[in-house]
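The values are calculated or read from the model by the stated rules, or taken from the named source; none is laboratory data. This is a predicted model, so every value here is computed, not measured. Neighbour counts are summed over all protein chains in view; Cβ atoms, including those assigned to glycine, are modelled from backbone coordinates with ideal geometry. The area values use the complete protein model at the heavy-atom level, side chains included, leaving out ligands, DNA and RNA. Shrake-Rupley method; radii C 1.70, N 1.55, O 1.52, S 1.80 Å.
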Amino acid sequence: MKNSEDSEFFFIIMKKIALLGATGSIGTNTIDVVQAYPERFKIISLTFHRNEQKGREVIKKLHPQFVGVGSLALKNQLEKEFPEIRFGFGEEGLVEAATLADVDIVLTAVTGSVGLMPTMAAIRRKKDIALANKETLVMAGQWVMAAAKEHQVKILPVDSEHSAIFQCLEGQPVGNVKELVITASGGSFRDLTREELKTVTLEQALKHPNWSMGKKITIDSSTMMNKGLEVIEAHWLFDVEYDKIKVVLHKDSVVHSMIVLQDGAYLAQLGASDMREPIQYALTYPERLAIKNEKEFDLTQIGQLHFDKMDFQRFPMLALAFSVGKKGGAYPTVYNAANEIAANAFIEGKIPYLAIEALVEKAVNEYEETTEVTFEEVIKVDKETRKNVESWIKKEGNI
């Protein structure tokens with residue numbers, strides 16, 4: 001005869017996951033969460049772009065049904081090595097991974113605009129979304145959230161800041177909430193002046209003081225572009241106007257974000273700098289499980305927490321995020337697309353650091369919108385913006 005613990009275990013339903021971006025930081029942490037609870041989770045499809053070595057390791061570790069990769073050549077190569085697995089490539093591979101019939105939830109951990117189409121396809125197939133891809137809502141929040149509502153799909157935030165706000169909002173009537181407060185570490189160059197930024201290097205930019213992340217997101221953190229994307233994402237996720245979204249500098253990265261209630265009370269979510277916590281909560285919501293091998297966290301050891309006002313002149317990309325967000329339409333799309341090209345150009349050594357901001361500002365200032373845009377037009381604007389910024393980079397002295 002089974003005891004009560006055995007009975008509870010017997011009725012556990014395994015959640016089947018599509019992991020888009022399996023070799024990145026979020027992907028790696030997701031795999032750690034899944035392997036900590038093999039009776040609860042299984043990754044049945046995954047994607048990676050071109051990290052062949054790590055991709056092979058992940059395939060051997062997880063034995064998925066389907067794998068999407070970045071190129072036809074890599075697909076053909078891996079098919080020979082893993083004949084028992086189906087492979088796809090490019091956008092079609094991402095979409096197929098996200099829409100497999102057995103998938104319960106799609107964790108979108110890819111970086112950039114490539115996350116939009118597979119996320120939309122998954123929503124239309126009634127898959128819940130654990131969202132770590134900011135660009136999906138920045139580019140097309142209006143349409144993504146409408147589709148989620150239509151198909152009764154949950155959008156569960158994975159970013160530590162949005163997960164924190166999501167957790168603080170639980171049980172709160174809409175009318176209780178006065179403001180959302182997003183915390184920002186300040187990134188690699190938070191203590192440098194504008195003048196000192198003129199000579200910074202890629203190596204310096206990638207040394208984030210608090211978090212271990214991929215190159216692109218680490219660069220975005222240093223320019224505060226990442227926080228700007230989070231502001232726009234928060235607007236769509238939580239249906240809150242931009243005037244009610246605040247950003248504060250919090251170098252400690254202990255308070256992941258907060259909400260302010262109408263009576264002045266603050267509710268904050270605190271914890272170790274461990275991305276497994278928001279990932280696991282998105283996968284288990286509304287249930288909470290212990291984090292296996294959790295990082296030590298003791299407020300008595302921390303002693304003090306520090307908060308400072310955000311300097312919008314020091315971080316113009318954050319100020320620009322509020323501006324394009326309020327304008328709406330395809331302005332946030334232009335903002336994001338220009339940054340993706342510019343940040344990658346800096347990573348590749350094609351432009352100096354401050355040119356990232358200059359290119360984004362130029363793209364936003366030159367874009368004019370006269371009529372209400374559609375989802376299809378947003379995709380078109382995204383592509384046109386990328387071409388424009390690439391052409392400016394090629395024209396020396398025109399940045």
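One table, with the values for the structure above:
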quantity	calculated
Tally, over segment 256-277, of residues that are among the acidic types (Asp, Glu) and under 24 Å from residue 30 (Cα atoms)	2
Complete set of residues in segment 380-399 that are at pLDDT 95 or above and out of contact with any helix residue (DSSP H, G or I) (no Cβ under 7 Å at 6 or more places or on another chain)	380, 383, 384, 387, 391
Within segment 1-28, considering residues that are of a type in the set (S, T, N, Q) and at pLDDT 90 or above, the one surrounded by the most Cβ atoms within 10 Å (Cβ to Cβ)	23
Which listed residue, of 253, 221, is closer than 18 Å to residue 273 by Cα and either modelled with pLDDT of 95 or more or in a loop (DSSP other than H, G, I, E, B) (or both)	253
Helices (runs of 4 or more DSSP H) contained entirely in segment 265-367, each with at least 1 residues that are at negative phi, hydroxyl-bearing (Ser, Thr, Tyr) and within 24 Å of the chain's Cα centre (by Cα)	276-284, 316-327, 331-347
Options 45, 113; residue that is more than 28 Å from residue 380 (Cα to Cα), in contact with a helix residue (DSSP H, G or I) (Cβ under 7 Å, 6 or more places away or on another chain) and polar (S, T, N, Q)	45
Residue that is surrounded by the fewest Cβ atoms within 10 Å (Cβ to Cβ) [pool: residues in segment 296-310 that are acidic (Asp, Glu) and modelled with pLDDT under 95]	296
Residue in segment 130-137 that is basic (Lys, Arg), open to solvent by 60 Å² or more (accessible area, probe 1.4 Å) and either part of a helix (DSSP H, G or I) or out of contact with any helix residue (DSSP H, G or I) (no Cβ under 6 Å at 6 or more places or on another chain) (or both) present	no
Any hit, segment 155-170, residues being assigned to a loop (DSSP other than H, G, I, E, B) and either more than 21 Å from residue 255 (Cα to Cα) or open to solvent by 50 Å² or more (accessible area, probe 1.4 Å) (or both)	yes
Matching residues in segment 92-132 - criterion: being more than 13 Å from residue 19 (Cβ to Cβ) and charged (D, E, K, R)	92, 96, 102, 124, 125, 126, 128
The listed residue being under 24 Å from residue 385 (Cα atoms), crowded, with 22+ Cβ neighbours inside 10 Å and of a type in the set (Val, Ile, Thr), out of 108, 183	108
Criterion violated by residue 145 - all others in (1) open to solvent by less than 20 Å² (accessible area, probe 1.4 Å); (2) part of a helix (DSSP H, G or I); (3) in contact (Cβ under 8 Å) with a residue 40 or more places away in the chain satisfied	(1)
Members of segment 112-126 found to be of a type outside the set (Gly, Ala, Ser) and either closer than 16 Å to residue 162 by Cβ or surrounded by fewer than 21 Cβ atoms within 10 Å (Cβ to Cβ) (or both), listed by number	117, 119, 120, 124, 125, 126
